[in-house]
Structure formats: C-alpha cells, structure tokens
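J.: Next up is a structure, given as structure tokens.
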Amino acid sequence: MSKPKILCIDLDDTLALTANTILEYAIHFDKTILNRSGILKKIDTCGDYYYFARMLGWNREQLINFFDTYYIDYLRKIKVKSDAELIIKKIKRLGIKVYIVTSRRERENNIVREITRQWLKQNKILYDKLFINVIDKSKLIEQIKPTYFVDDSYQNCLNVLQTFEKTKVFLIETDFNKNIQTKNILKIKELKELYEFIKGDVENA
Ligand SMILES: [Mg+2]
C-alpha cells in the first residue's frame, strides 16, 4: 500500500478568520493601553503575521505587550471560515491526512494547545495531527514531507518551497498579501480551490 498523502495546513487566517478578531483587539489596545488613535494604515503586501502591528505602527515592545495582554483572550474569540468544516471533511474523504500546523506560541500549562483543540472541536474541523508552537514551519515540513502545504504567510510558503521542493505550496489570499507576486506558489482565494486541486490530483494519479 502506498503512503497516504498529507496536507499540512495553517490555522490562523487560513482556516480561521483571525485578522478580524486581532484587529478588533489591536485597535482597542492601541487606544486604551497605548493612548493612541487606533487608526489603521492600509497595507497589502505583508509577508508575515504582524500586519496589525504594521498597520498601527507599533514597535517590538508594543507588540510583545499586546500579546502579553490579549493573546489568550483573543484566541478564544476567533471565528472559523464558513466553509472550513466542509472543505476539510471533503479533503479527508479523498484519503488525505490533515495535519494542522500553527506557529501559535505556547504558554504555561499547554493552554494554547488546549484552547486550539477545543476550538477545532467546536468548529467541527477534522484533523489527524495538530502541531502547535512551530517556529520554523519548513523544518517540520522537511520531516513530514507532505504532498500539500497551505499558509497565508508568503514567507512560510517560500521557506517551505525552498526546503522541500516536492511539496505543492499554496498561498491563501488575505487582505494583507494579495499584492504579493508569487512564482511556483499557487495562489488561491478560497479553500474550495484547494479541494478542487487535490481532487484533480487524486483522480489523475
Ligand atoms: Mg496564518
């Protein structure tokens, strides 16, 4: 029997509507803790996770302060994308193993893993494995050697592609990465495009 294909998929801003919640908390923090305006600057080419800090012009210290203050609170409030449950279910029905790979930083007592597990259960997202606190996704990808990798971070996509070129890498579009031009990385607007691609792949095998 051949080895099952693996999909490594990011969580925040890929399966979850994380930006909406983060921005809400970040604006609140900017106004009430930093005594600033809370006005967001427009950006559309952010390659990493910290679009909200750039939009509010924060320095590193302010960013760390924000995470210390609100991280655990906002993780619980994040909403799921409306089609995530169904698309993941359909991908699993194709015989694909689903590994959720997130860089969410762990805190004491594995609280972030626990919150994330509960969130996935509540939102009926099926998965085979959950990897938390993955600082360098490309290192993990090198070990797992998945067939597919999806992320909204252009930098992660690029690193994965450079580390393990056999993996098909997808960048899922957000308001913050949509103007990034990609080579060898497939840009998708919606999760259903991922499903269609994998379905085609499985059917043509
Ligand atoms: Mg993400």
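J.: For the stretch 66-125, what is the convex hull volume of its Cα atoms per residue in Å³?
T.: Once divided by residue count, the hull of the stretch 66-125 is 89 Å³.
J.: Sort largest first and round to whole Å: the equivalent ellipsoid semi-axes of the stretch 18-77, each the square root of five times a Cα gyration tensor eigenvalue.
T.: So the equivalent ellipsoid measures 16, 14, 11 Å along its semi-axes.
J.: Moving on to the next point. In units of 2.2 N^0.38 Å, what is the alpha-carbon radius of gyration of the stretch 151-199? Walk me through the numbers on the way to the answer.
T.: Numbers: Rg = 10.5 Å, N = 49, 2.2 N^0.38 = 9.7 Å.
Output field value: 1.08.
J.: Ok, one more. State the antiparallel share, in %, of DSSP beta bridges confined to the chain, rounding to the nearest 5.
T.: Here the antiparallel bridges make up roughly 5 percent for the chain.
J.: Still on this structure, I have one more. Taking the stretch 137-188, which chymotrypsin sites (Phe, Trp or Tyr not before Pro) meet the DSSP loop condition and have no more than 15 other C-beta atoms within 10 Å?
T.: none
J.: Tell me what the chain gives for mean residue ellipticity at 222 nm when only DSSP H runs of n ≥ 4 count, each as -39,500 (n - 2.57), the sum divided by the residue total, rounded to 500 deg cm²/dmol.
T.: Numbers: 8 runs with 93 residues, N = 205.
Roughly -14000 deg cm²/dmol at 222 nm, from the helical runs in the chain.
J.: Can you put Y51, Y127, Y195 in order of Cβ neighbours within 10 angstrom, beginning with the fewest?
T.: On the way: Y51 24, Y127 17, Y195 21.
With the fewest neighbours first, Y51, Y127, Y195 line up as Y127, Y195, Y51.
J.: Sort largest first and round to whole Å: the equivalent ellipsoid semi-axes of the chain, each the square root of five times a Cα gyration tensor eigenvalue.
T.: 30, 19, 15
J.: Projected onto the charge dipole of the stretch 75-126 (+1 at Lys/Arg Cβ, -1 at Asp/Glu Cβ, origin at the Cα centre), which of I91, N109, I78 gives the Cα projection farthest towards the positive end?
T.: With unit charges placed on the Cβ atoms, the residue in question is I91.
J.: What is the calculated FRET efficiency for K31 to R105, with r their C-beta to C-beta distance and R₀ = 30 Å, to the nearest 0.05?
T.: Step by step, r from the Cβ atoms, then E = 0.75.
J.: Where Rh denotes the Kirkwood radius from the mean inverse Cα pair distance, what is Rg over Rh for the stretch 88-205?
T.: Using Cα coordinates only, the ratio equals 0.96.
J.: On to the next question. Please compute the modelled spin-label separation between N179 and R93, points set 7 Å along Cα→Cβ, answer in nm with one decimal.
T.: Rounded to a tenth, the inter-label distance reads 4.0 nm.
J.: Further question on the same structure: The stretch 1-123: Rg/Rh from Cα coordinates, Kirkwood Rh?
T.: Values: Rg = 16.8 Å, Rh = 16.2 Å.
Radius of gyration over Kirkwood radius for the stretch 1-123 works out to 1.04.
J.: Any idea what angle helix 60-77 forms with the longest principal axis of the chain, computed on alpha-carbon atoms, 0 to 90 degrees, nearest 10?
T.: 60 degrees
Just so you know, all these numbers are worked out from the coordinates, no wet-lab data involved. Here the structure is a predicted model, which means the values were calculated and not measured. Don't worry about glycine lacking a Cβ; one is built from the backbone with ideal geometry, like all the others, and counts go over all protein chains shown.
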